[in-house]
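Reading through the structure tokens given below for one structure.
Please treat every number below as a calculation from the coordinates, not as lab data. Everything numeric here is computed off the predicted structure, so don't read it as measured data. FYI the Cβ positions are ideal-geometry reconstructions off the backbone, even for glycines, and counts take in every protein chain you see.
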Amino acid sequence: MCGIVGYVGGRVAQDVILEGLKRLEYRGYDSAGVATIFEGKLNIKRSEGKLEKLATKLKKSPLKGSVGIGHTRWATHGRPTEANAHPHKEGDVAVVHNGIIENYMELREELKSEGAKFKSETDTEILSHLIHREIKKGHTLEDSVRAAIKYVKGTYALAVVSAKEPERIVAASYDCPLVVGFAKNEAVISSDVLAILEISDQAIFLSDGEVVTVTRDSVDVTNLDGVGVTKTPRRIDWSPVMAEKDGYRHFMQKEIFEQPRAVTDTFRGQVMEEEGDIFFEDFDLDLDSIDRIYLIACGTSWHAALVGKFLLEEYFNVPVEVDLASEFRYRKPLVGKNTPVIAISQSGETADTLAAIKEVSRRGAPIISISNVVESSISRVSDIGMFTHAGPEIGVASTKAFTAQLTSLFMLTLYLGRRKGLIDSALGREFIQELVRVPGKIEKVLSLDDEIAKLSKKYFHATDFLYLGRGINYPIALEGALKLKELSYIHAEGYPAGEMKHGPIALVDEELPIVVLAPRDRYYPKILSNMEEAKARGGRIIAIVSEGDTDAKKIADDFIEIPHTPHYLMPIVMTIPLQMLAYHIAVLKGTDVDQPRNLAKSVTVE
Ligand code: AGP
């Protein structure tokens, strides 16, 4: 969960690297560092804490040179101190690394026995010693990197520079993303396309076990044996401005307000209104042979998977199992050629989800992925790659990617239901008409921003929250609770409302705000009873209700009215006020909304 950037070309390397690290800071922000080469010397500056501390140091004493590497860290091994910050240096070599070296302790002992002196608590420092050891044998930097990583067990996206070969960067990838952007007389490597946008819209994506040597006018990829690999460049259709805040106070706020666009862009070009159908290119799956579908994901994406279960079981009429990827991968998953597995991941890089689908692939099950990043690791190991088109999501708390995932799952359900004849063209047309109305409904909820900001003032001191929902909205109660806790650090739990009497109602007192998702759907009468029961015990109820509601509003202490939406699309619209409530409470709490403590955007380590 770190971010690495490297630059070689005609610009001041430090400036390009700092700008790139800013775009990657959402991946981790415990410490940061830059190494450049100038006049045959390797120079390094590092600092604990956020990137701005390093930027201040570099402002005072800049690093010269037009070749360099940089890193922003999410601490895995070793505290977030300057000594543990990357780059790690040994001799004339500096290394930055994202990933985990699982055998670092044994390698550390081996290197110590040969006289190596360690200066940090990190696993990464191993790499600098291993590479330096190879260079001392007379190998080139590229050969030394290849030789060194053959000792390593674990995951890595690494970049290395050496004062002895000042015109190049050597990088390598295994189970961690690495992309190379290139333009005339310059190139940049990074963990994420966001950091290359200023330099190029052409990129190549490294696959597992590949090594790349980059100079200002060449990009050469080999496998671990040094055999050349041909890579096809891809055009990146994200612009630098998409990675800016555009006047919003936080990336998360911007991304909440981008949701009408994110949902629209996700379905645009695939909806066939006349036919009441969805267009998918080469969706090569024998639908009649499907016995069961598995949906696997983590965090917010897992909540999307829970919604997917309701949709697919109702409209595709096949059993659906939803699993947390971190659990699924260690169980004995009963998967095979008749049980397609759908992996949902905004980043497409989540370690547990990636490992889970690699296990699934070994067991012969077809893999479908829903990801927001083209050429992400998860999309590249899938048989069928579906993409949300939410644009880059910088805020660590996922918002627009989530509603775009729900949109994709709805589209997939419609597509599959139509193929199976369970959704006829008339119902398909109705589904599409309702889908096309969703962005406007989101806009309507967004227009309540001041009202929700005011409401948050009444509740932001609470120490605990409960979120209740039923049926297809129960996962949205979980999502609302996750948003609140990861942004404001207030403990919050999502629960199926029907579970209240089985324990959680013991929590209810005058101090406990309860957010109840109470749209006018088939569960409405039951939800009203849940609200009454909580109210009778002093609970403070914030109800999310359908426009024109009367009954729930009478019971609730406060309410937010949202446009009525058929149950199969309600989760998308229902999520919006919960995101906004969590955002405003976090702002009032003064937490770091875009980079909440201890979190990172892409969990690329287990
Ligand atoms: C969402 O707000 C969280 N930041 C987190 O739960 C996230 O959804 C989870 O880490 C999965 O990430 P992915 O979608 O990139 O796989």
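Compute the FRET efficiency between S447 and N317 as 1/(1 + (r/R0)^6), taking r as their Cβ-Cβ distance and R0 = 56 Å, and round to the nearest 0.05. Rounded to the nearest 0.05, the efficiency is 0.90.
Total lysine pairs in segment 399-517 at Cα distances under 24 Å, for residues eight or more apart or on different chains: 18. Relative to the dominant Cα principal axis of the chain, helix 449-459 is inclined by about 90°. Helix 400-419 sits at what angle to the longest principal axis of the chain, using alpha carbons and giving 0 to 90 degrees rounded to 10? The helix 400-419 is inclined about 70 degrees to the chain.
Quote to one decimal, in nm, the extra length available between E109 and T463 on full extension: 0.36 nm per residue of separation minus the C-alpha distance between them.
That works out to 122.8 nm of additional length.
Figure legend: label point modelled 7 angstrom from the Cα of R522 along Cα→Cβ; residues of segment 463-492 with amide N under 14 Å from it are 470-473. Restricting attention to the chain, close to 60% of DSSP beta bridges with both partner residues there are antiparallel. Between the Cα long axis of helix 299-315 and the first principal axis of the chain there is an angle of about 50°, rounded to the nearest 10. Extending 7 Å from Cα along the Cβ direction at R363 and again at E244 yields two label points whose distance is 4.8 nm. Per-residue packing, averaged as other Cβ atoms within 10 Å, sorts the ranges 100-109, 474-483 into the order 474-483, 100-109, beginning with the highest.
Residue separation of F283 and A506 scaled by 0.36 nm, minus their Cα-Cα distance, works out to 75.4 nm of gained length. Summary of packing: across the peptides 236-246, 305-315, 350-360, 49-59, the per-residue average of other C-beta atoms within 10 Å ranks them, highest first, as 350-360, 305-315, 49-59, 236-246.
Considering only A116, H77, T339, and ranking their Cα positions along the charge dipole of the chain that arises from unit charges at the beta-carbon of Lys, Arg, Asp and Glu, the one farthest toward the positive end is A116. Based on the Cβ-Cβ distance of D208 and E39, what FRET efficiency does E = 1/(1 + (r/R0)^6) give at R0 = 51 Å, to the nearest 0.05? Approximately 0.90, to the nearest 0.05.
The peptide list 582-593, 125-136, put in order of mean Cβ contacts within 10 Å with the highest first, becomes 125-136, 582-593.
Between the beta carbons of E430 and D15, assuming R0 = 60 Å, the FRET efficiency works out to 0.65 to the nearest 0.05.
In a fully extended conformation the segment linking K59 and K589 would gain 187.6 nm over its present Cα-Cα distance, using 0.36 nm per residue. With helices as the sole contributors, the chain gives -10500 deg cm²/dmol at 222 nm; each DSSP H run of n ≥ 4 counts as -39500 (n - 2.57), and the sum is divided by every residue.
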